[in-house]
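The values are calculated or read from the model by the stated rules, or taken from the named source; none is laboratory data. Bear in mind the structure is a predicted one, so any value in this text is a computation, not a measurement. Cβ placement follows ideal geometry from the backbone for every residue including glycine, while neighbour counts extend to all protein chains displayed. SASA here: full protein model, heavy atoms, side chains in, ligands and nucleic acids out. Shrake-Rupley method; radii C 1.70, N 1.55, O 1.52, S 1.80 Å.
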There are 2 protein chains.
Amino acid sequence: MTQKQSAKEPVLDAFERVVIERGERAATLEAVAVEAGVSKGGLLYHFGSKKDLVDGVIERISASATDYSDLLRASPEGVVSTFIRTSVTAGTDFDNSYIALTRLAQSGIYPEARAALARIETEWFDLVESEVGDPGVARLVLLVSDGLYYSSALFPDATTRTDAGSLDEVIAVVADLVRARRG
Amino acid sequence: MTQKQSAKEPVLDAFERVVIERGERAATLEAVAVEAGVSKGGLLYHFGSKKDLVDGVIERISASATDYSDLLRASPEGVVSTFIRTSVTAGTDFDNSYIALTRLAQSGIYPEARAALARIETEWFDLVESEVGDPGVARLVLLVSDGLYYSSALFPDATTRTDAGSLDEVIAVVADLVRARRG
DNA sequence: GTCTATACATGGATAGAC
DNA sequence: GTCTATCCATGTATAGAC
């Protein structure tokens, strides 16, 4: 089932890339077709409408969100640190789907995108809260994560806030916080 | 100078409203004209192009950003707490301009919007850092603020994370953190 | 399954009347 | 200073050839 729509995946990748790099507006059927190396007609055979492309992104991310949660749970460094560290986009498949989804959600035309994001964030909140045992801290961690995704996607070249050093600093600060709240 | 373009202000308000409520894509000249209660031609007399509308938002927010910084500095509760508290949109003129600007910046078509946001965030960072005296904490506070603006604008009805109670909780957590780092 | 051609609607912007 | 009418480009989607 995972690989059954092998022809569709590259098109979805292209769609996400255009949305991230040039914005939802620029992600026209034409532009996505060019990026994917197919014709407009070819694209529309696989995805009958633009909404189908959005639904495709949602389906993919719903599947990989579970894998991501498993990865966080299994992380030796701990859920919180790993969660924060991976909230700066590194261009992974998951990152790309997630950022594309936030852009689509903010464009206002796709309520399903907003709903999907809400589901994912709830899952993350529960996971973080189960580790830190404090809803206030969990909320803060989620906000930091949102801030990191937002900043790193909007300012890919920024040297403040999303570079490795700043990130380690933020993680250290949060670790201090968790300790302070426990002690 | 503040009120010299009195006819332009309502149009900019309408533009921001449509961008926030229905997305950049929906903010067509037609839609903005209807929202502002003028004709397309009437709108285009004041703003010769869509880019002019964006520039108008940037000009306005650049002016009010200074007022906002003054307000933060003068706040009895302290810069950090007030900054976080006011990062949940309350529908003020500043909030509306700021959120509209983040949407425009993410749409990718307006580099000026991105640049304006970067300037504002730098100003905020300096202000927060001067109070907490710790760049790591300042960075975290900025990320929380970004997260709050993002969440509250994307999920206006969410009862988690952006309601008054959760907000107080987050502020308390950050206050704990500032103390922990100082002591 | 992928392409070309085309229909149709909409968005940005200009010209010119009032 | 605000309106209507209109032009042109672009975006979505369909039909049908290959």
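With the structure loaded, tell me whether B:Phe155 is more than 19 Å from B:Ala65 (Cβ to Cβ), among the aromatic types (Phe, Trp, Tyr) and free of Cβ contacts under 8 Å to residues at least 60 places away in the same chain or whether it fails that test.
yes
List the number of the failed condition for A:Val32; all other conditions in (1) open to solvent by 20 Å² or more (accessible area, probe 1.4 Å); (2) within 16 Å of DNA strand C (Cβ to nearest atom) hold.
It fails just one condition, (1).
Check A:Thr160 against each of (1) modelled with pLDDT of 95 or more; (2) in contact with a helix residue (DSSP H, G or I) (Cβ under 8 Å, 6 or more places away or on another chain) and name the one condition it does not meet.
(1)
Name the residue that is nearest to B:Gln106 (Cα to Cα), counting only residues in segment A:136-166 that are surrounded by fewer than 19 Cβ atoms within 10 Å (Cβ to Cβ) and more than 7 Å from chain B (Cβ to nearest Cβ).
A:Pro156
Given the criterion in contact (Cβ under 8 Å) with a residue 40 or more places away in the chain, under 19 Å from the mean Cα position of the chain (by Cα) and in a helix (DSSP H, G or I), identify the matching residue among B:Val141, B:Val174.
Only one candidate qualifies: B:Val141.
Looking at A:Ile99, A:Ile20, A:Ile84 in this structure, which one is open to solvent by 20 Å² or more (accessible area, probe 1.4 Å) and within 14 Å of chain B (Cβ to nearest Cβ)?
Details: A:Ile99 fails: open to solvent by 20 Å² or more (accessible area, probe 1.4 Å); A:Ile84 fails: open to solvent by 20 Å² or more (accessible area, probe 1.4 Å).
Only one candidate qualifies: A:Ile20.
So for segment A:152-163 (the condition being part of a helix (DSSP H, G or I) and among the acidic types (Asp, Glu)), does at least one residue qualify?
no
Would you confirm whether any residue within segment A:103-114 is more than 10 Å from chain B (Cβ to nearest Cβ), open to solvent by 20 Å² or more (accessible area, probe 1.4 Å) and under 23 Å from A:Glu9 (Cβ atoms)?
Checked segment A:103-114: at least one residue is more than 10 Å from chain B (Cβ to nearest Cβ), open to solvent by 20 Å² or more (accessible area, probe 1.4 Å) and under 23 Å from A:Glu9 (Cβ atoms).
Name every residue in segment A:11-24 that is free of Cβ contacts under 8 Å to residues at least 60 places away in the same chain and under 18 Å from B:Glu24 (Cα atoms), in order of residue number.
Correct list: A:Val18, A:Glu21, A:Arg22.
Please find, within segment B:42-64, the residue that is nearest to A:Ala26 (Cα to Cα) out of those that are open to solvent by 50 Å² or more (accessible area, probe 1.4 Å) and within 11 Å of DNA strand C (Cβ to nearest atom).
B:Lys51
For segment B:25-34, which residues satisfy the criterion of being more than 10 Å from DNA strand D (Cβ to nearest atom) and either of a type in the set (A, V, I, L, M) or farther than 27 Å from A:Arg22 by Cα (or both)?
Result: B:Ala26, B:Ala27, B:Ala31, B:Val32, B:Val34.
How many residues, within segment A:35-84, are hydrophobic (A, V, I, L, M, F, W, C) and more than 16 Å from DNA strand D (Cβ to nearest atom)?
11
Any chance segment A:82-91 includes a residue that's more than 14 Å from the chain's Cα centre (by Cα), over 17 Å from A:Leu154 (Cα atoms) and either of a type in the set (Phe, Trp, Tyr) or modelled with pLDDT under 95 (or both)?
Within segment A:82-91, none of the residues are more than 14 Å from the chain's Cα centre (by Cα), over 17 Å from A:Leu154 (Cα atoms) and either of a type in the set (Phe, Trp, Tyr) or modelled with pLDDT under 95 (or both).
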